[in-house]
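**Q** Take a look at the following structure, please.
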Amino acid sequence: MGKQADRADKTETGPAGRAIDAVADLGRDIGEYIRQQRNTAKISLRQLAKLAGVSNPYLSQIERGLRKPSAEILQQIAKGLRISAEALYVQAGILEQRVGGAVVDAVLADQELTERQKQVLLDVYQSFRRENAAEKSTQDGPGLSEPDSAAPAGRTTTTEE
């Protein structure tokens, strides 16, 4: 029996065990996220199941981390929750989170904003991000700009001496 326990320990802590744990964590994470979004939207499990076109037990299993939904099911759930499918894809590990994703997701999930208001907010947000990126690239640009700015200071020091 000791050998079996040793094997079980190696499997749990080995690369395969960690991979299985990571997949299980993703299932729990997406389920918890869906439950959180559902509670925020004040929708019952049964209502969301109906809106998403899935069975009540299946949705319950997803929320408890027992089942990992496909991209299609996530899209249907997102539609029922009135949030972006992309937010669910990121949570499920299907997509990489894009820069600014949390802000975009929050705007898209806000049910008190109209679609037009959401679009305007996102447009302004993206324009600020582009502007800041352009400024940063100008500051981080060619190394020649820094010595040029130091040269006049050197001349001023030379004339003062």
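The values are calculated or read from the model by the stated rules, or taken from the named source; none is laboratory data. Since this is a predicted model, take the numbers as computed values, not measurements. Note that we place each Cβ from the backbone using ideal geometry, even for glycine, and neighbour counts take in every protein chain shown.
**Q** Do you know which residues across the range 42-59 are crowded, with 17+ Cβ neighbours inside 10 Å and either in contact with a Lys or Arg (Cβ under 6 Å, 6 or more places away or on another chain) or not assigned by TED's automatic domain parsing to the domain that holds ALA78 (or both)?
**A** Residue satisfying the conditions is LEU48 alone.
**Q** Here is a follow-up. Would you confirm, using the coordinates I've provided, whether LEU59 is out of contact with any His (no Cβ under 6 Å at 6 or more places or on another chain) and either in a loop (DSSP other than H, G, I, E, B) or at pLDDT 90 or above (or both)? Before the answer, list the steps.
**A** Working: out of contact with any His (no Cβ under 6 Å at 6 or more places or on another chain): yes; either in a loop (DSSP other than H, G, I, E, B) or at pLDDT 90 or above (or both): yes.
Yes.
**Q** Considering the range 86-104 alone, what residues qualify as being closer than 26 Å to SER55 by Cα and buried (at least 19 other Cβ atoms within 10 Å of the Cβ)?
**A** Of the range 86-104, the ones closer than 26 Å to SER55 by Cα are 86-95.
GLU86, ALA87, LEU88, VAL90, GLN91, ALA92 - these are the residues of the range 86-104 that are closer than 26 Å to SER55 by Cα and buried (at least 19 other Cβ atoms within 10 Å of the Cβ).
**Q** Give the range 65-123 a look and list any residue that's assigned to a helix (DSSP H, G or I), in contact with a helix residue (DSSP H, G or I) (Cβ under 8 Å, 6 or more places away or on another chain) and basic (Lys, Arg), or say none.
**A** LYS79, LYS118
**Q** Whether any residue in the range 75-88 is modelled with pLDDT of 85 or more, of a type in the set (D, E, K, R) and either under 30 Å from PHE128 (Cβ atoms) or within 18 Å of the chain's Cα centre (by Cα) (or both) is what I want to check.
**A** Yes: one or more hits.
**Q** Taking ASP25 as meeting all but one of (1) of a type in the set (Asp, Glu); (2) modelled with pLDDT of 85 or more; (3) surrounded by fewer than 17 Cβ atoms within 10 Å (Cβ to Cβ), write down the number of the exception.
**A** (2)
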